[in-house]
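Enquirer: Have a look at this one before I ask anything.
Derivation of every value follows stated rules applied to the coordinates shown; laboratory data play no part. The structure displayed is predicted, hence computed values, not measured ones. Positions of Cβ are generated from backbone atoms using ideal geometry, with glycine treated the same way; all protein chains shown enter the neighbour counts.
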Amino acid sequence: MNEKKDDALGVLLQQYLETEKDVTDKQRRVLEAAVEVFSEKGFAAASTSEIAQKAGVAEGTVFKHYKTKKGLLFSILSPTILKLGAPILIRDFEKVLEAEYQHFGDFLRALIEDRLEYATKNTAAVKILVNEVSFHPELREMLKEVFNERVLPRLQKAIKHFQEKGELAKLPDSTIIRLIISTTVGYAAARLIMLPDNDWNDEEEIEMMIEFLLKGLRP
């Protein structure tokens with residue numbers, strides 16, 4: 001697998017392909033090609049013929065393994081989303097959420113840096129997810145399940161801790177979580193999807209996000 005494909009696939013899909021024993025070489029090539037095409041053109045504009053050509057297989061091979069184009073999309077995104085909830089792939093993020101921090105700013109810095117690093121390593125899969133989640137209720141439900149079961153309780157615990165320390169305003173935890181997510185995701189979207197060619201300074205941007213959130217959420 002060349003360096004370009006490694007970047008396009010992202011760590012999650014690459015690990016999935018390497019560990020799934022039932023994935024044939026042709027399936028692997030189809031999935032790799034589909035990630036690139038879906039990422040570049042979006043699901044609606046992508047064609048199975050183009051995916052097959054990029055994968056170096058006949059178009060019939062695509063339909064042999066994935067009955068529909070939507071089935072191919074879910075073969076890419078399902079492991080990506082579900083493995084976010086698997087211990088082996090959210091281990092580092094769980095460490096971020098479970099670690100003890102002296103101040104709320106330290107917690108924010110660790111959280112933002114971790115999620116930005118994840119999105120940077122998996123840009124192609126993230127782009128597909130952002131493009132398609134609005135059109136596929138199944139994807140939204142999968143995301144909600146992972147977030148509600150594995151992430152939300154830990155965020156709520158951290159928020160309560162810093163509120164009790166007097167570092168956070170007594171706002172509903174849902175409001176605080178929404179503000180943190182919208183700030184972080186907004187930067188990641190601009191950084192990786194909308195304006196990827198800009199000369200970004202992640203360290204400076206992260207510090208400005210933290211300052212913005214600290215001032216807005218101060219008691």
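Enquirer: Order 104-112, 28-36 from most to least packed using the mean count of other Cβ atoms within 10 Å.
Expert: 28-36, 104-112
Enquirer: Now, a different point. Once R0 is set to 41 Å, what does the formula 1/(1 + (r/R0)^6) return for the Cβ-Cβ distance between Phe63 and Glu145, expressed as a FRET efficiency to the nearest 0.05?
Expert: On the way: r = 29 Å, r/R0 = 0.71.
FRET efficiency, Phe63 to Glu145: 0.90.
Enquirer: Can you give the extra length, in nm with one decimal, that the chain gains between Val130 and Lys170 once fully stretched, where that is 0.36 nm per residue apart less the Cα-Cα distance?
Expert: 11.2 nm
Enquirer: Taking 0.36 nm per intervening residue step and subtracting the Cα-Cα distance, what contour gain separates Asp22 from Asn198 on full extension? Can you show the working numbers first?
Expert: On the way: separation 176, 0.36 × 176 = 63.36 nm, distance 4.09 nm.
Full extension of this stretch gives 59.3 nm more.
Enquirer: Separation between the Glu40 and Lys160 pseudo-spin-labels, each 7 Å from Cα along Cα→Cβ, expressed in nm?
Expert: For the pair Glu40/Lys160, the computed spacing is 5.0 nm.
Enquirer: Could you pull out the pairs from Lys121/Lys170; Lys54/Lys121; Lys121/Lys165 whose alpha carbons sit more than 30 Å apart here?
Expert: Flagged as over cut-off: Lys121/Lys170; Lys121/Lys165.
Enquirer: Also: Mind listing P(r) for segment 89-216? All alpha-carbon pairs, 10 Å bins, whole percents.
Expert: 11, 42, 36, 11, 0
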